[in-house]
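What follows is a short report on a single structure.
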Amino acid sequence: MSAKKEELRIGFYVCHCGHNIAAMVDCAVVARYVETLPGVALSRDYKYMCSDPGQELIQQDIREHRLNRVVVASCSPLLHEHTFRGAVEAGGLNPFYFHMVNIREHDSWVHTDRGEATEKAKALARAAIQRVAHHKALEIKKVEIHPDVLVVGGGIAGIHAAMTLANAGKKVYLVEREPSIGGHMAKFDKTFPTLDCAACILTPKMSEVGSHPNITLWTYSEVTKVDGFVGNYTVQVKRKARYVNEDLCTGCQDCISHCVFKEPKFADDFNEGLGKRKPIFIPFPQATPQAVLIDPEVCLNFKRNKNPDGSPVVGDKCKKTCVEACGEKHAIDFTQKDTLQEVKVGSIIVCTGFKTYDAGRSPAYGYGNYKNVYTALEVERLVNASGPTGGEVILREGKNADGSPKTPKSIGIIHCVGSRDKKTNLWCSRVCCMYSMKLAHLLREHTGAEMYNFYIDMRTPGKGYEEFYNKLLEEGTHFIRGRVGEVTDWAMTPEEEGRLVIRVEDTLAGVVRRIPVDMVVLATGLEPQADAGEVRRLFNMSCGGDGWFLERHPKLAPVSTFTDGVFLAGCCQGPKDIPDTVAQAGAAAAEALVLIDKGYIEQEPNTAHILEDECSGCKSCIPLCPYTAILFDEGRKKAYINEALCKGCGTCVGSCPSASIVQNLFDDQEIFSEIEGVLAYD
Amino acid sequence: MPKPKVAFYWCASCGGCEETVVDLAEDILGVVEKVDIVLWPVAMDFKYKDVAAMPDKSIVATLLNGAIRTSEQEELAVLLRRKSQYLIAYGACAQLGGIPALANQFSREQILKFNYEDCPALVNEKKTRPQIHFEEAGRAPHLPEFRNVVRTLDQVVDVDFYIPGCPPTPKLTKAAFDALLGGKLPPKGSVLAPDIALCDECERKATKPTNVAFTEFKRPHQALADPTKCFLAQGMVCMGPATRSGCGAACTSGNMPCTGCFGPTSRVRDQGAKILSSLCANVEAKDEEGIRKTLAGIPDPVGTFYRYGLAKSILRRKVDLAMTGNGH
Ligand SMILES: Cc1cc2nc3c(=O)[nH]c(=O)nc-3n(C[C@H](O)[C@H](O)[C@H](O)COP(=O)(O)OP(=O)(O)OC[C@H]3O[C@@H](n4cnc5c(N)ncnc54)[C@H](O)[C@@H]3O)c2cc1C
Ligand code: SF4
Ligand code: SF4
């Protein structure tokens, strides 16, 4: 290389960073010391190297003093390496003929003795000077971005992200596990704080998704495999058999009314088990896609045993009145099998949402034991006009005097069930105070019952939320501050007889109270999905100790993950309400758009490569790469690295027993000369 | 034209390297024909003073085997360096320290005490130890001094080339002579063997799985090795991936794992550290207890990973041993 032979002319700059560095490090002394080192052509100290004049200084010096290497001693490379590389490049040098020394975080900020801190800065500077001599010109590689996007999960987050991208003209694959999109929001009657009808705002969006020419909607499907890297993911999706051809089904539902089961008989998941459905069903009237499906577990035309591949065995016992009803459309297909489909996308938005806390885990509240204890989601269905009771709030147990199903006269809503509790989940689920008040309002509206809300703290920090709380106070809802101790049917007074008693220490009144009610609602908190661990591994994301998917930076990269090209939105990242979910979904779509519209990504050239002639093919390195970037070439019997996948972690470099892997910016010469530099300083 | 002069010398070594020279068989005659051997203590009688009397650089090449432990070895290394155009470190001990360098785990005093006092097979009631000077029957013999540590040849004098192995193979030796006499020498400092690890020429290479994931380690005497399968795949430490090839995979084709005598490739600074980071990174267990259990199968890590390379490694020696001197 010609750069090797050319005389070394290093420019060195030590930055004061205002007082940040200069207060603890004598920058002028450092500059004078470095001036004496071999290869150094010029050495300066300057107040703010990152400022425009600071960068201009570097460019000017490169031109006037024919510098061919630059070292800046200042803050963390995380902050300004990019800045200075840019300046070096603008000055006409390859940006990798640059090295940065951190004398702020590593020195001035952590020391208290000015003399010693100055000595340390000199030693670190010397290391950099020795290292930079071995730097090589490197090239930033560009990798093309596939313009299609995969959105996983069709709750409001996934719907909004998919729509945003599709409206921008991008092709989207939306994969939803359930037979319909909509997520939790589809179950709600109204939404806080505006009390607008959930269906009215959601279902138009759902059908738009269903018919959008740019969206391929795959419901009843799951992602089973993800290969590749940012810009070039290959995704395998399993599409579960519906036993109904989605393209042929018109959603007329004639089959359902003609099913040999005259009455719906089987627990209906969408209605939280409060309603019943037939073996052939549609999850809810506005479901998208408008296509029925068959539950082979209960359909009479399937036998109860399974084929070796796990699919149910088709029998011939049923009259198949559904098929008759479907007639010419021929949409019903008992022989349908799960299929695997593969798509290529450039980016992925994960919107897999949450599950609610299992109320059975708090036995003191009697869920499952007392029939008239409900979860909030159940009540969402009960008060819903299209719910199992048509919006009538009737209790599971008990009759009115006239023998009709009983409507509650008083209702207690317990906040924070499975939230803010060391024994269950530590976090605040953020939406429970608000939806509890929403339900208090709706239940009162539907039944005229006396409402009691038991809360620990009232958390209403959203726009219009405190106002909503005030509205509830005015409505006459009783707010009792205290964590409920238990729900019991053990009556102590005639008034309590036949009712549920909520025992609570009213921390404002300072007394323990017993409040008899007809119905108890548990405001169960939000939890990561049961399969969050697998989903996380599938998409190579991280999660916090609580199990929520981890954003790259809580403030500055809230919808990015540690895997480039994989973004997050909605409750899979943590509990949040619909406004925040939609905002995140929009942000995630925008991040994906940035990638797509740029068309390529630039890769930091700190990648590793295997010396082809020197590699003995021992395979030691292959299983160690956390990004599976290393492959074995069976033809040449040697390992090789897919540079686009390599993140430059260096794991393989250290492990190659014959040192046949070299990493750019971290080759042995560079590292050892840096070590020698720091040790040689005395 | 006079034949080029060649010298062979031995220091702290077992004599195996000398065997190799003899093992050149017919080829030795070819060599002898072309050169004039001026020093070869194992085969012929020469006096040091003869060598000292030779003009500087009059020997074309000296092949020196063995590590440097005593003052005499050091003196001869310096002398031969001065007399030779090329000084070649011949064999693992001269190149890397070899087996003798394992003594660098112990102090000089520990070694002398064991050998002259504590050794169970010893009768030495007066605990007599060798002395540098002593007088007996009117004579005053002079013994070499036992240095603090074992050193490689290049830690004592400048070395031109290295021929690796414990011992080097006749094939490499002959190739070295051919290069030397044919004037086709590589750059100074080269190791005269291929610069790729042993796996490259090992017949078992194809049987190594991509994910070897060690669950246990066995030593050769603890299990019957499958004669065709990669040793690492059988849970036996094989130094092959961290060791230069060129031996023709002699050990692995004899159903013994490689012990690393050819030393590392040119790119490696510390052979033991390299194989350690590779093996340990591939241990399947990820918890302390599991790791400890797996590694219990390697009871002597220094003897396993630094069998030939301790003197030349970054570790070099027990930390409190001075590099030079004799401990007094
Ligand atoms: C009882 C209750 C009442 C609420 N009321 C309100 C309210 O009135 N106003 C308000 O603003 N917020 C309310 N919320 C909060 C609201 O539910 C959430 O903000 C919102 O649902 C979050 O949307 P999401 O798309 O992130 O998640 P979800 O709604 O959970 O949607 C996730 C979707 O992803 C699918 N999915 C999951 N895993 C996979 C997978 N592996 N592959 C494919 N698909 C998958 C799921 O089936 C689901 O369709 C309430 C919450 C509860 C529990
Ligand atoms: S440097 Fe890290 S990311 Fe790159 S190939 Fe090696 S192990 Fe994989
Ligand atoms: S560890 Fe080194 S020698 Fe072994 S396969 Fe990987 S690159 Fe090749």
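Packing, as the average of other Cβ atoms within 10 Å across residues, places the peptides A:377-390, B:281-294 in the order A:377-390, B:281-294, highest first.
Pairs of Cα atoms under 8 Å, at least six residues apart: use those to get the relative contact order of segment B:198-305, whole percent. Could you put the intermediate results ahead of the total?
Details: 151 pairs, mean separation 34.0, N = 108.
After rounding, I find 32 percent.
Loop-located trypsin sites (Lys or Arg not before Pro) in segment A:601-648 (DSSP state not H, G, I, E or B) with no more than 11 neighbouring Cβ atoms inside 10 Å: A:Arg636. P(r) for segment A:101-213, from all Cα pairs and a bin width of 5 Å, is 2, 9, 13, 11, 8, 6, 4, 3, 5, 8, 10, 10, 8, 3, 0 %, short bins first. Charging the Cβ of each Asp and Glu at -1 and of each Lys and Arg at +1, and nothing else, the dipole of the protein assembly as shown about its Cα centre rounds to 980 debye. With all protein chains in place and ligands, DNA and RNA left out, the 1.4 Å accessible area ranks A:Tyr367, A:Tyr233, A:Tyr452 as A:Tyr367, A:Tyr452, A:Tyr233, largest first. Listed peptides A:27-34, A:432-439, A:197-204 appear in the order A:432-439, A:27-34, A:197-204 once ranked by packing, highest mean of other Cβ atoms within 10 Å at the front. Computed with a 1.4 Å probe on the full set of protein chains, the accessible area for A:His106 sits at about 110 Å².
Sum up the charges of everything whose Cβ sits under 15 Å from the Cβ of A:Asn305, counting Lys and Arg as +1 and Asp and Glu as -1, but leave A:Asn305 out. Mind showing how you got there, number by number?
Values: positive: A:Lys303, A:Arg304, A:Lys306, A:Lys317; negative: A:Glu297, A:Asp309, A:Asp316.
That sum, taken over residues with Cβ under 15 Å, equals +1.
Legend: residues A:His258, A:His553, A:His330, sorted from most to least accessible area (1.4 Å probe; ligands, DNA and RNA excluded), read A:His330, A:His258, A:His553.
For chain B, carbon and sulfur atoms together expose 57% of the accessible surface, with a 1.4 angstrom probe and every protein chain in place.
Peptide B:196-206: average number of partner chain Cβ atoms within 10 Å per residue?
On the way: counts 8, 11, 4, 9, 9, 1, 3, 0, 0, 5, 3.
For peptide B:196-206, the averaged partner shielding equals 5.
Could you sort the residues of segment B:208-231 by number and keep only those whose accessible area is reduced by 20 Å² or more in the all-protein-chain setting relative to the chain alone, 1.4 Å probe? Residues passing the criterion (a loss of at least 20 Å², heavy atoms only) are B:Lys208, B:Thr210. On segment A:355-527, 49 percent of the accessible area sits on carbon and sulfur atoms, based on a 1.4 Å probe. The figure for B:Val78 is an accessible area of roughly 70 square angstrom, using a 1.4 Å probe on the protein chains alone.
By the helix-only formula, in which each DSSP H run with n ≥ 4 contributes -39500 (n - 2.57) and the sum is divided by residues, chain A has a 222 nm mean residue ellipticity of -8000 deg cm²/dmol.
Highest average first, the peptides A:394-407, A:487-500 ordered by how many other beta carbon atoms sit within 10 Å of their residues are A:487-500, A:394-407.
Counting only other chains, and only Cβ atoms inside 10 Å, what mean value do you get across the residues of A:618-629? It would help to have the intermediate numbers written out before the result.
Values: counts 15, 12, 14, 4, 5, 8, 5, 0, 0, 0, 0, 0.
The per-residue average across the peptide is 5.
The angle between the Cα long axis of helix B:271-281 and the longest principal axis of the Cα atoms of chain B comes to about 0 degrees, rounded to the nearest 10. Within the full protein context, the accessible area of A:Cys428 is estimated at about 40 Å² for a probe radius of 1.4 Å.
Tally Lys/Arg at +1 and Asp/Glu at -1 over every other residue whose Cβ is under 14 Å from the Cβ of A:Glu674; what's the total? Net local charge, A:Glu674 excluded: -1. Helix A:578-598 versus the longest principal axis of chain A: what is the Cα-based angle in degrees, 0 to 90, to the nearest 10? In chain A, helix A:578-598 runs at an angle near 40 degrees to the longest axis.
Using Stokes-Einstein with the Kirkwood hydrodynamic radius over Cα pairs, what translational diffusion coefficient do you get for segment B:198-305 at 25 °C and a viscosity of 0.890 mPa s, in µm²/s rounded to a whole number? Value of D from the Cα-based Kirkwood radius: 175 µm²/s.
Using protein heavy atoms only (no ligands, DNA or RNA), what is the total accessible area buried between B and A, 1.4 Å probe, nearest 100 Å²?
Numbers: alone 17130 and 31110 Å², together 46380 Å².
Chains B and A together bury approximately 1900 Å².
In the structure shown, do any of A:Lys141/A:Lys647; B:Lys49/B:Lys83; A:Lys262/A:Lys317; A:Lys238/A:Lys278; A:Lys187/A:Lys337 have a Cα-Cα gap over 19 Å, and if so which? Too far apart for the 19 Å limit: A:Lys238/A:Lys278; A:Lys187/A:Lys337. Partner shielding of A:611-617 amounts to 6, given as the average count of beta-carbon atoms from other chains within 10 Å of each residue beta-carbon.
Skip the ligands, DNA and RNA, and give the accessible area per residue of segment A:355-527 with a 1.4 Å probe, whole Å². Don't skip to the end; give the middle numbers.
Numbers: 7670 Å² over 173 residues.
In whole numbers, segment A:355-527 has 44 Å² accessible per residue.
The angle between the Cα long axis of helix A:465-475 and the main principal axis of chain A comes to about 20°, on a 0 to 90 degree scale. Per the Debye calculation on the protein assembly as shown with a single equal scatterer at every Cα and no solvent contribution, log₁₀ I(q)/I(0) for q = 0.05, 0.07 Å⁻¹ amounts to -0.52, -0.86. For segment A:608-664, the fraction of alpha-carbon pairs lying more than 17 Å apart is 22 percent, rounded to a whole number. The residues of segment A:2-138 expose, per residue, 44 Å² of accessible area to a 1.4 Å probe.
With every protein chain left in place, what is the accessible area per residue of segment B:106-146 in square angstrom, probe 1.4 Å? Present the calculation step by step, with values, prior to reporting the outcome.
Numbers: 3430 Å² over 41 residues.
It amounts to 84 Å² per residue over segment B:106-146.
What do you reckon, how do A:Arg420, B:Arg108 stack up by accessible area (1.4 Å probe), largest on top?
Details: A:Arg420 55, B:Arg108 35 Å².
Correct descending sequence by accessible area is A:Arg420, B:Arg108.
With K and R counted +1 and D and E -1, the other residues having a Cβ less than 13 Å from that of A:His478 yield a net charge of -1. Kirkwood analysis of the Cα pair distances in segment B:18-152 returns a hydrodynamic radius of 17.5 Å. Under Stokes-Einstein, with the Kirkwood radius over Cα pairs as Rh, the value for segment B:115-226 at 20 °C and 1.002 mPa s is 104 µm²/s.
The values are calculated or read from the model by the stated rules, or taken from the named source; none is laboratory data. Since the structure is predicted, the reported quantities are computational estimates derived from the model, not experimental observations. When we count neighbours, we look across all protein chains shown, and the Cβ atoms used for this are built from the backbone with ideal geometry, even at glycine. Areas reflect the complete protein model, heavy atoms only, side chains present, ligands, DNA and RNA absent. Shrake-Rupley method; radii C 1.70, N 1.55, O 1.52, S 1.80 Å.
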